[in-house]
Amino acid sequence: MTAYELYWGRDALAAPPVIRAIGPADCFTALAQGYDDFRAMPSYVAFVGLFYAVAGVALASFASFGDGLHLLFPLASGFALVGPFVAIGLYEMSRRRELGQNADWRDAFMALRSPALPAIFALGLLLAVLFLAWMGAAQAIYEGLYGDKAPASATAFAADVLGTARGWWLIGIGGLVGFAFAVVALCVTVVSFQILLDRDVGVFVAVGTSVRLAMRDPLAVATWGLIVAAGLVVGSLPAFLGLALVMPILGHSSWRFYRLAVERDPAHEHPAPPLTEPQVHASGVKGKPNSFLFPVRGGS
């Protein structure tokens, strides 16, 4: 893939994405369709492992620098910033079901074979930078109000945050800054990852289409953002365990939101080869590949 294809794609000029006029009602339609995808494909089985892997990394990070208790909430809320990248496999599952394939959780890994994978990772890197910037801002806000001394304990810190003026300032300023980061992330990614998975248009066109949609239908995009935020809050209780169910539903629904917001163009969509491709051996008998992720071509 050349730099031009990475950022603009082959179809950016020939077939630019066309957005539709949508409203808040379409957000709930997408949510219902996403829930239907979730029921049809037990994607939570695959997502549980990913969720706990991320949680394990987070806990290991806290153990390594020991005094990051005040960053627990920013870290948890920042998950929404990188959620669109994490959900790429769920988009692939919904895409395949939409095409009439009998998709299951293994199809999530077929996103790793997408020709748009370099562009997807480039956009994911942008989200990672945004996430790190949010964590840095959260640290700066805390130090501005509390100094560089870490909280003594979770109980004492919670009591201070909820019962003192500086605690309310921390909540207020942190909430406003976090909201600004969330708005930027929402406008940039509301449909951009889905477009990259679906068409060869490049990072700039995908992000530009997402921003155009947010500017054209801000009420619909804001409603979708509130639905996602509410789902993440509900899924975070108790102890973030509910995210193992909420995230797959939101991931499938995000693909359905994209389908409602952006017109299809089958002539310029990426192909979706089946999970397994029958192989013709020398004997002329069809067999199965040795790998469900990377089919082995040729016979023996």
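Read the figures in this text as sums done on the coordinates, not as results from a lab. For clarity, every value in this text was computed on a predicted model and none was experimentally measured. We place every Cβ from the backbone using ideal geometry, glycine too, and count neighbours over all the protein chains shown.
Judged by the mean number of other Cβ atoms found within 10 Å, the most tightly packed of the peptides 93-99, 157-163 leads the ranking 93-99, 157-163.
What FRET efficiency, computed as 1/(1 + (r/R0)^6) with R0 = 30 Å and r the Cβ-Cβ distance, is obtained for Ala150 and Leu226, rounded to the nearest 0.05? Let's see the in-between values first.
Numbers: r = 33 Å, r/R0 = 1.11.
Step by step, r from the Cβ atoms, then E = 0.35.
In a reduced charge model with +1 at each Lys and Arg Cβ and -1 at each Asp and Glu Cβ, region 118-206 shows a dipole moment near 100 debye about its Cα centre. Amide H to amide H, with H built 1.01 Å from N, Arg199 comes under 5 Å of His270, counting only residues 5 or more places away or on other chains.
Protection proxy ranking, highest mean first, for peptides 25-31, 78-84: 78-84, 25-31, where packing is the per-residue count of other beta-carbon atoms within 10 Å, averaged. Each of the peptides 203-213, 121-131, 172-182 was scored by the mean count of other Cβ atoms within 10 Å over its residues; in descending order, highest first, they stand as 203-213, 121-131, 172-182.
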